[in-house]
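Read through the structure below, which is laid out as structure tokens, and then see the notes.
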Amino acid sequence: MKIVSKALNSIPRPILIKLSYWVRPLIAFFLKGNKYTDTIDGKSYRKFLPYGYEKIRENVLAPGTLSLERHRLFWLYLENETNFFTSKEKIKLLHFAPEQAFYKRFKKIKNLDYTTTDLNSPLADVKADICNLPFKDNEFDYIFCNHVLEHIPDDTKAMQELYRVLAPEGIGILQIPQELSREKTFEDDSITDPKERAKIFGQYDHVRIYGRDYFDKLRSIGFEVSEVDYTKTLSETDVDKYRLAKGEIIPVCRKIV
């Protein structure tokens, strides 16, 4: 399985997205069972797939939706703690680097005015630089930007753009890979070699490791930030059943003006 995971990680993501539409149903059928459940589609499996770059995590990639721990936790939070799926009013959503686990499901939500954006993703409606967005001020009720900012050299500018296009009282969920044991974010612009970046930052195209100061940086931009440890609301049994990362923080950002 580790060999398979490393091989998959070596394939450029746009190509991997296209290939997955063919391969995914076969893998899901082979692994079906009742031990672990994907919160997104509700389907259960005898095991999940491994995933990772420098460090392979076992039993974390759901075969049906290709969701990871963060995706399943994110879905639970949206479903249980927001009006995202139940609002009768039209919601304008901007979704960066749209994840396959969510893309088709969001497209089907009738109350959603759904815009996807990215520089490279084949799923993006709008090809755009997160540091220079082609959208009006205060345009979106929700912004989802998950595991994007760690790729962006000027993350301050990116955060400012996210704040600019988020509507007053709007919600941005801005997940990142984070080491909570690290007080301050580490970055070094002189590290440009992909292998060295993978070794130091955990992935070949990451440019920093975020620490606990990430939340305060968001606050300095103007966001009101809630550091939500949603796994604390769940039983140990459910954390394992859904294959979540215990203690992972969801940064829920609001634009209060």
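Pairs over the 29 Å Cα-Cα cut-off, from the set Lys104/Lys255; Lys43/Lys217; Lys195/Lys241: Lys43/Lys217; Lys195/Lys241. Counting only residues at least eight positions apart within a chain, or on another chain, the aspartates and glutamates with an alpha carbon under 19 Å from that of Lys35 are Glu58, Glu69, Glu236, Asp238, Asp240. Within a straight-line Cα-Cα reach of under 20 Å, Lys88 can be paired with the following aspartates and glutamates, leaving aside sequence neighbours fewer than 8 residues apart in one chain: Glu79, Asp113, Glu139, Asp141, Glu169. Projected label points at Asp125 and Arg219, each 7 Å from Cα along the beta carbon direction, are separated by 3.4 nanometres. Per the Cα gyration tensor, the chain maps to an equivalent ellipsoid with semi-axes of 27, 23, 19 Å, ordered largest to smallest.
Highest average first, the peptides 87-93, 238-244 ordered by how many other beta carbon atoms sit within 10 Å of their residues are 238-244, 87-93.
Highest mean packing first, where packing is the average number of other Cβ atoms within 10 Å per residue, the peptides 160-169, 76-85 line up as 160-169, 76-85. Of the DSSP H helices in the chain, those that are both long (alpha-carbon extent of 20 Å or more along the helix axis) and hydrophobic (Kyte-Doolittle mean at least 0.0) are 13-30.
We did not get these values from a lab; they are worked out from the coordinates using the rules stated. Owing to the predicted nature of the structure, the values given are computational and were not obtained by experimental measurement. When we count neighbours, we look across all protein chains shown, and the Cβ atoms used for this are built from the backbone with ideal geometry, even at glycine.
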